[in-house]
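Peer 1: Following this message is one structure expressed as structure tokens.
The values are calculated or read from the model by the stated rules, or taken from the named source; none is laboratory data. Since we're looking at a predicted model, the values are computed, not measured. Cβ placement follows ideal geometry from the backbone for every residue including glycine, while neighbour counts extend to all protein chains displayed. Please note that ligands, DNA and RNA were not included when accessible areas were found on the heavy atoms of the full protein model with its side chains. Shrake-Rupley method; radii C 1.70, N 1.55, O 1.52, S 1.80 Å.
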Amino acid sequence: MTAPALDEPVDRVGRGWTAALALANGAIWVGWYGPLQILLAKQAEQFAPGTGLSKESLLAWVTGVGAVVSLAANPLFGALSDRTVSRYGRRTPWIVAGAAGGALSLLVLAGAGALWVLFAGWCLVQLTLNASFAAVTAAVPDRVPRLQRGAVGGWLGVAQILGVVAGTGLATAAGGIGAGYVACAAFTLLGVAPYVLRHPDLRLDPAARPAWSWRRFAAGFWLSPRRHPDLAWAWLTRFLINLGNALVLLYLFYYLRDRLGYDDPDTGVLILTAVNGVTLLGTVVVGGVWSDRLGRRKPFVLWSGVLMAVATGVLSGWQTWTGALVAAAVLGVGFGVFTSVDFALMTDVLPKALDRGKDLGVINIANSLPQVAAPALAAPLVNHLGGYRVLYLVAAGVGLAGAILVRRIKGVA
């Protein structure tokens, strides 16, 4: 007998369920982006003297090592949640455990008095919050019918950008590095509560869980591009577009201060994030709903990627505060459509219901791997190969390549 948790969903989810899941998603992004946008950059600047590294290189190492942890954590916890048999369902235990662990890990960073604590703390943040994130994203194909996924993906996108804005705002307004981490930790923990307390998860029938085998468990993380070509092209599209975006965001604090000479780079990052968020909010739900109604995904991903590449090129060719504002606004328009529709596209190409969490975890490597690749590319580009102008030209080219490759997907319109 097929377990209810493995059935293809047919009943539309309500606004309350969507809002609670979106809040949980946004809380996770607060835990990530308060540090990434502000706090880690400040700590890297404090620790860099005496290490033999520039602040840019040290920040690249910290975020890069943390992203390596994320690469493994997301699919691992997704696979574990697929197999979880509990009275609370498959996903809820991991959402709770990940958020609690993430909050504690952010408090470790708040008290980081040594460089190794900075590295260890950020790795723990990536490990724990990816447990929550894997479970939150897997809840969508578990519960949402295909022709509602663009809209739900849009609301998750709204939560994502609000999480980035809120994390940046908390880190800026809290009054110090330690206080910033405490504020982000509290928001992360409280934000998942409405979903886990008010919306029971689907339970997996123990009879539907396959017998344990280390070999089969490990082999399941390999999704053959030959057997699943659409999944492979969708993955590559997401990776390249996210890599272009990661190259833009990584050194934004330093770009404003060192290249544009902006007097208050903390506030500058917050302003650009807010501008980006406003335009993203204007397109993320609309793009997802429009995609659902037309029953098409690829044109939306293609043209949103092209628009993002154009905006990134503006950062290279128009290096002024006004240029940065224009680029942030245009990037938000493109990334809003991409966020909702690409998420729906990914759920449309998943191979098996039993492995939704694991497969989405593998797909989410396309989100975290750019955090590894971006520092490796960005540091030499900024320090030795032409500076920020070349960095943003490369970012535009990478994102444009990803947008074009979505046309290779055959099984989705």
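Peer 1: With all protein chains present, calculate the accessible area of Val96 using a 1.4 Å probe and round the result to the nearest 10 Å².
Peer 2: Only protein atoms counted, so the area is about 70 Å².
Peer 1: Give me the accessible area of Ser213, 1.4 Å probe, in Å² rounded to the nearest 10.
Peer 2: It works out to around 40 Å².
Peer 1: Just tell me, in residue order, which DSSP H segments of the chain are both 18 angstrom or longer along the helix axis (alpha-carbon based) and at least 0.5 in mean Kyte-Doolittle hydropathy. Please report the intermediate quantities before stating the final value.
Peer 2: On the way: long enough: 15-34 (27 Å, 0.55); 55-82 (40 Å, 0.94); 92-110 (27 Å, 1.68); 115-143 (43 Å, 1.16); 149-173 (35 Å, 1.14); 177-191 (21 Å, 1.71); 229-250 (31 Å, 1.09); 265-294 (42 Å, 1.05); 298-317 (29 Å, 1.33); 321-348 (40 Å, 1.40); 356-383 (41 Å, 0.55); 387-405 (28 Å, 1.62).
Qualifying helices: 15-34, 55-82, 92-110, 115-143, 149-173, 177-191, 229-250, 265-294, 298-317, 321-348, 356-383, 387-405.
Peer 1: Rounded to a whole number, what % of the accessible area of the chain do carbon and sulfur atoms account for, probe 1.4 Å?
Peer 2: 66
Peer 1: Fully extended, how many nm does the chain gain between Arg15 and Arg407 (0.36 nm per residue separation, minus their Cα-Cα distance)?
Peer 2: Numbers: separation 392, 0.36 × 392 = 141.12 nm, distance 3.28 nm.
Stretched fully, the Arg15-Arg407 segment lengthens by 137.8 nm.
Peer 1: Moving on. Compute, for the chain, the length of the dipole vector about the Cα centre, with Cβ point charges of +1 (Lys, Arg) and -1 (Asp, Glu) only. Units Debye, rounded to 20.
Peer 2: Here the chain has a charge dipole of around 1180 debye.
Peer 1: If you wrap a convex hull around the Cα atoms of segment 191-316, how much volume per residue is inside, in Å³? List each step's numbers first, then the result.
Peer 2: Numbers: hull volume 28.8 nm³, N = 126.
Per residue, the Cα convex hull of segment 191-316 comes to 228 Å³.
Peer 1: If you don't mind, another one. Under the 0.36 nm per residue contour assumption, what length would be gained going from the current alpha-carbon distance of Val390 and Ser54 to full extension? Working shown, then result.
Peer 2: Numbers: separation 336, 0.36 × 336 = 120.96 nm, distance 1.90 nm.
This chain segment gains 119.1 nm when fully extended.
Peer 1: Mind checking which lysines have their C-alpha under 29 Å from Lys298, skipping anything on the same chain fewer than 8 residues away?
Peer 2: Answer for Lys298, where 29 Å is the Cα cut-off: Lys352, Lys358, Lys410, listed by chain and number.
Peer 1: Further question: If I stretch the segment between Gln319 and Arg216 completely, what's the gain in nm (0.36 nm per residue apart, minus their alpha carbon distance), one decimal?
Peer 2: Details: separation 103, 0.36 × 103 = 37.08 nm, distance 5.18 nm.
Result: 31.9 nm gained on full extension.
Peer 1: For the peptides 342-351, 84-93, 156-165, what is the packing order when you average, over each peptide's residues, the other Cβ atoms within 10 Å and list the highest mean first?
Peer 2: On the way: 342-351: 23.0, 84-93: 19.3, 156-165: 24.7.
Packing order, densest peptide first, comes out as 156-165, 342-351, 84-93.
Peer 1: Rounded to whole Å and sorted largest first, what semi-axes of the equivalent ellipsoid does the C-alpha gyration tensor of segment 138-233 yield via the square root of 5 times each eigenvalue?
Peer 2: Values: eigenvalues 238, 70, 66 Å².
Largest first, segment 138-233 gives 35, 19, 18 Å.
Peer 1: For the chain, how big is the tail of P(r) above 41 Å, as a whole percent of Cα pairs?
Peer 2: 9
Peer 1: What is the list of residues in segment 109-145 whose amide nitrogen lies under 12 Å from a point 7 angstrom out from the Cα of Ala186, following Cα to Cβ?
Peer 2: none
Peer 1: Ok, one more. Please give the direction-averaged projected area of the C-alpha convex hull for segment 245-402, in square nanometres with one decimal. Please report the intermediate quantities before stating the final value.
Peer 2: Details: hull surface 38.2 nm².
The directionally averaged projection comes out at 9.5 nm².
Peer 1: What is the spin-label model distance, in nm, from Arg87 to Leu107 if the labels are put 7 Å beyond Cα along the C-beta direction?
Peer 2: The answer from the label model is 2.7 nm.
Peer 1: Between Ala174, Trp122, Leu190, whose Cα lies farthest towards the positive end of the dipole of segment 51-193 when Lys and Arg beta carbons carry +1 and Asp and Glu beta carbons carry -1, centred on the Cα centre?
Peer 2: Highest projection toward the positive end goes to Leu190.
Peer 1: Could you size up the charge dipole of segment 1-149 around its Cα centre, putting +1 on the beta carbon of Lys and Arg and -1 on that of Asp and Glu, and report it in debye to the nearest 20? Don't skip to the end; give the middle numbers.
Peer 2: Details: 11 positive and 7 negative charges, 61 e Å.
Dipole size: approximately 300 debye.
Peer 1: Same structure, new question: If you filter segment 209-258 for trypsin sites (Lys or Arg not before Pro), then keep DSSP loop positions with at most 14 other Cβ within 10 Å, what is left? Mind showing how you got there, number by number?
Peer 2: On the way: sites: Arg215, Arg216, Arg226, Arg227, Arg238, Arg257; in loops: Arg226, Arg227.
For trypsin sites (Lys or Arg not before Pro) across segment 209-258 that sit outside H, G, I, E and B with at most 14 neighbouring Cβ atoms in 10 Å, the list reads Arg226, Arg227.
Peer 1: Another question about this same structure. Would you calculate the separation in nanometres between label points at Glu45 and Ala208, each defined as 7 Å from the Cα along the Cα-to-beta-carbon direction?
Peer 2: A separation of 5.2 nm, rounded to one decimal place.
Peer 1: Ignoring ligands, DNA and RNA, what accessible area per residue does the chain give at 1.4 Å, in Å²? Provide the component values of the computation, followed by the final result.
Peer 2: Details: 16210 Å² over 413 residues.
Counting only protein heavy atoms, the per-residue value for the chain is 39 Å².
Peer 1: Which is farthest toward the positive dipole end of segment 274-413 among Thr320, Thr283, Leu345, measuring Cα position about the Cα centre, with Cβ charges +1 (Lys, Arg) and -1 (Asp, Glu)?
Peer 2: Checked the options; the winner is Leu345.
Peer 1: Here's a follow-up. Counting only protein chains, not ligands or nucleic acids, how are Lys298, Lys352 ordered by accessible area (probe 1.4 Å), most first? Let's see the in-between values first.
Peer 2: Working: Lys298 45, Lys352 115 Å².
Ranking Lys298, Lys352 by accessible area, largest first, yields Lys352, Lys298.
Peer 1: Quick one: among Gly305, Gly387, Gly98, which has the greatest mean-square fluctuation in a GNM of the chain with alpha-carbon springs under 10 angstrom?
Peer 2: Gly387
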